[in-house]
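**Student:** Before I ask anything, here is the structure I am working with.
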Amino acid sequence: MIEAPQSNLSGMQLERNAHGRLVLTLGNGLVYEAVVPVRAFPIAAPAEGLSLIAADGKEALWVARMADLQPEHRQLIEQDLAVREFVPTIERILKVSSFSTPSTWELQTDRGLTHMVLKAEEDIRKLAGRTRLQITGQDGVQYRIPDSSKLDRHSRKLLERFL
């Protein structure tokens, strides 16, 4: 028999233990040590569909919407996700080495200056329309552009050569 994960958030408690791991206590008293938050749709719907996975790999709790969580629980989960979901946001494209691939891009991100090698144009994915992009560098690091129309003119001009 397969047990369905609990989705009732009433009485739920979430805290960080002395080892920095998340501890989930459900309303019925069940305690799960070292739960790991996992988004169901991290790109398309990051605020919807979240699983808290127990140490045994089974789902301990399903959260339909992050907004349903108490603010302090949401903050703990967001902190854990931020460490695991390292996806810098591109703020400016300073220069590219070539307009053919592979090319080295010099970027200003929310995490600072960096260089990325774009292997192929297919490594630029359009998400939810034409302006939201995800770019994967040769080293596997993923970068996001929430809205390419909000980039400065120079950055847009460089980016458009690859789209």
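**Student:** Taking the stretch 73-163, which chymotrypsin sites (Phe, Trp or Tyr not before Pro) meet the DSSP loop condition and have no more than 11 other C-beta atoms within 10 Å?
**Tutor:** Those that pass, being in a loop and sparsely packed, are Phe86, Phe99.
**Student:** Suppose only helical runs count, i.e. DSSP H with n ≥ 4. What mean residue ellipticity at 222 nm does that imply for the chain under -39500 (n - 2.57) per run, divided by all residues and rounded to the nearest 500 deg cm²/dmol?
**Tutor:** Value at 222 nm, helices only, nearest 500: -4000 deg cm²/dmol.
**Student:** Further, regarding this structure: Could you tell me which trypsin sites (Lys or Arg not before Pro) in the stretch 40-106 are loop residues by DSSP with no more than 13 other beta carbons within 10 angstrom of their beta carbon?
**Tutor:** Answer in residue order: Lys58.
**Student:** Also, I was wondering about something else. Run the paramagnetic zone check for Arg111: 7 angstrom along Cα to Cβ, then residues of the stretch 68-94 with backbone nitrogen under 12 Å.
**Tutor:** From the stretch 68-94, the list is 82-90.
**Student:** Here is a follow-up. With an 8 Å Cα cut-off and a minimum separation of 6 or more residues, compute the relative contact order for the chain in percent.
**Tutor:** After rounding, I find 14 percent.
**Student:** Separate question: Count neighbours as other Cβ atoms within 10 Å of each site's Cβ, and list the GluC sites (Glu not before Pro) in the stretch 1-80 that are DSSP loop with at most 12 such neighbours.
**Tutor:** Glu3
**Student:** May I ask for the equivalent-ellipsoid semi-axes of the chain, computed as the square root of five times each C-alpha gyration tensor eigenvalue and listed largest first in whole Å?
**Tutor:** In descending order the semi-axes read 39, 15, 14 Å.
**Student:** Right, another one. Each residue of the stretch 67-84 in turn: what ³J(HN,Hα) in whole Hz from Karplus with 6.51, -1.76, 1.60 and θ = phi - 60°, glycine and Pro shown as x?
**Tutor:** So the J values, rounded to whole Hz, are 5, 6, 7, 5, x, 5, 6, 4, 5, 4, 5, 4, 4, 5, 5, 4, 5, 7.
**Student:** Residues in the stretch 110-128, backbone N under 15 Å from the label point at Thr101 (7 Å along the Cα-to-beta-carbon vector): list them, ranges by number please.
**Tutor:** 116-127
**Student:** Along the Cα-to-Cβ line of Gln134, 7 Å from the Cα, sits a label point; which residues in the stretch 19-51 have backbone N less than 16 Å from it?
**Tutor:** 38-50, by backbone N distance to the label point.
**Student:** Another question about this same structure. Find how much the distance from Ala55 to Gln79 grows on full extension, using 0.36 nm per residue of separation minus their present alpha carbon separation; answer in nm with one decimal.
**Tutor:** 6.8 nm
**Student:** Of all beta bridges DSSP finds with both residues in the chain, what is the antiparallel percent, to the nearest 5?
**Tutor:** Among the beta bridges of the chain, antiparallel pairing accounts for roughly 95 percent.
**Student:** Counting other beta carbons within 10 Å of each residue's own, what order do Ile77, Ile93 fall into, fewest first?
**Tutor:** Ranking Ile77, Ile93 by Cβ neighbours within 10 Å, fewest first, gives Ile77, Ile93.
Where a number appears in this text, it was derived from the coordinates with a stated rule and is not lab data. In this text the structure is predicted, and so the values were computed from the model without any measurement. Glycine also receives a Cβ, built like all others from the backbone with ideal geometry; neighbour counts cover every protein chain displayed.
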